[in-house]
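Remarks on the structure that follows.
We did not get these values from a lab; they are worked out from the coordinates using the rules stated. Everything numeric here is computed off the predicted structure, so don't read it as measured data. Note that each Cβ is placed from the backbone with ideal geometry, even for glycine, and that neighbours are counted across all protein chains shown.
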Amino acid sequence: MNTRPPRLFAALSLLTLALAACQKPGGGAADNAPSLAVGDSVSGEITSSSRLNYNDGSRHQGYKVTLKSGQAVALELGGSLNGQLSVFDGQSLLATASARGYEGEAGPGDVSLAFKAPKDGTYLVAVNSAGSDSFGPFKLKSSAVTPYDGKPLGADSEAIDWLMGDKQEYKFKVDKAGIYTIGMESGTLDSYLHLTGRNVDIEDDDSGNNLNARIRAYLEPGDYTIGASSLNGSTGSFKLKVGLTPVDKDLVTRDGSALTIGQTAQGMVDSRGRRSFVLNLDSARHLQFDAIADNFDSVLRISGPGIDAEDDDGGNGTNARLTLHMGPGRYTVTVSSFGSQQGVFELETSDLGADMAAPANSNRKDAADAAAEAAAAAVAN
């Protein structure tokens, strides 16, 4: 459900109104400001001759924008200027934004701002320098925001929208069980996703490329909610994409399933963040286990006759891997997620052949005991 009702813009106005005194441009700015039509771009430069902001000695350039009540506008400020954007309705500050970096700290960079006109009228958009010694060229781009239509998202769907507040929510309907990938992509936001529903509660920050968020999880049919927000407090455009990967009907969702050497088992960790399998060996084997997961940091543990081994990042990236010499017997193989996150994984069990030389990462207890005994014997001799 998209939660961008008019009260969001009213709240934004109230929150930023207190900043008006320190952001207000010098008198007469709106009267002499050039016009900016929605959809147009303008280039300019803040210099020592630009209009003065009386409170702190910084400079500004203003533009008049005429809007209808309820019209939503997106503004983007680029260029080498370390600047800020402010929107005034008469003498009242309607919205403001400055460049923000990681975790919201102020700093140079592109600035984006979205706002909604509370009434018919002419508004002043002010490009402000960040301080009395900040100067440079800039480019200001304006565009109309087409609000998301509110229809529930589904498999293989997408929505282009603009973040205008702290968080926006979208209905998400799952008709078919499977592995769903939900991505939030943006060039201006540090995207953050939150998926809830059907005993699912998953959050993600940077699992997509760059600062994009991505959630990959096995979902049962039902109604869910996707929460979209920004960690750096910016507003701006973004794209939500939902993809479906059909799963094999043999997806393991219960503990105790048998592993077969040479095959890959697809499983889902439970609400505790783990899933266990059973491996029965009738003879000694040299085996490699790989726990591969896209949406969480996998941890692999194997226990049984003479073995209690665990690995976190021995495979590629944050995937877990164990290579072990294992004698006959019954073993428990457990895949878990670091931090008890939920998600889907693949568990590969590979036969490495008859070479019985102890691998470097072997955690087998009897191998360690044998090595200790050999070292003691060497010292005694």
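Key figures
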{"read-out": "Per-selection metrics, segment 173-229 (Cα): Rg and Dmax in Å", "value": "11.4, 33"}
{"read-out": "Cβ charges +1 (Lys, Arg) and -1 (Asp, Glu), total dipole of segment 191-298, debye", "value": "140 debye"}
{"read-out": "For segment 256-269, 3J(HN,Hα) per residue [Karplus equation, 6.51 cos²θ - 1.76 cosθ + 1.60, θ = phi - 60°, Hz, x = Gly/Pro]", "value": "x, 5, 7, 8, 10, 5, x, 10, 10, 9, 9, x, 10, 6"}
{"read-out": "Linear extension gain, Lys141 paired with Ser41, 0.36 nm per residue minus alpha-carbon span", "value": "35.6 nm"}
{"read-out": "Most to least packed among 296-309, 39-52, 278-291 [average Cβ atoms within 10 Å]", "value": "296-309, 278-291, 39-52"}
{"read-out": "Distance (nanometres) between label positions extended 7 Å along Cα→Cβ at Ile160 and Phe338", "value": "3.7 nm"}
{"read-out": "Burial order of peptide ranges 257-264, 165-172 (average beta-carbon count within 10 Å, highest first)", "value": "165-172, 257-264"}
{"read-out": "Positive dipole terminus of segment 203-344, leading residue within Gly317, Ile261, Val242 (C-beta point charges)", "value": "Ile261"}
{"read-out": "FRET efficiency, 1/(1 + (r/R0)^6) with R0 56 Å, evaluated for Ser49 and Arg198 via beta carbons", "value": "0.35"}
{"read-out": "Extent along principal axes [Cα atoms of segment 248-361; Å; largest to smallest]", "value": "36, 27, 23"}
{"read-out": "FRET efficiency, 1/(1 + (r/R0)^6) with R0 35 Å, evaluated for Asp313 and Lys176 via beta carbons", "value": "0.55"}
{"read-out": "For segment 113-197: span of alpha carbons on each principal axis (Å, largest first)", "value": "57, 33, 19"}
{"read-out": "Contour minus Cα-Cα distance for Gln91 and Leu281 (0.36 nm per residue)", "value": "60.5 nm"}
{"read-out": "DSSP-assigned coil residues among trypsin sites (Lys or Arg not before Pro) in segment 177-248, each with at most 15 further Cβ atoms within 10 Å", "value": "Arg198"}
{"read-out": "Two-site FRET efficiency, Val247 against Ser69, from Cβ-Cβ distance with R₀ of 30 Å, rounded to 0.05", "value": "0.05"}
{"read-out": "Proximal lysine pairs, segment 137-282, alpha carbons under 20 Å, eight or more residues apart or interchain", "value": "15"}
{"read-out": "Extreme residue, positive dipole direction of segment 108-165, given options Ala126, Thr146, Ala159 (C-beta unit charges)", "value": "Ala126"}
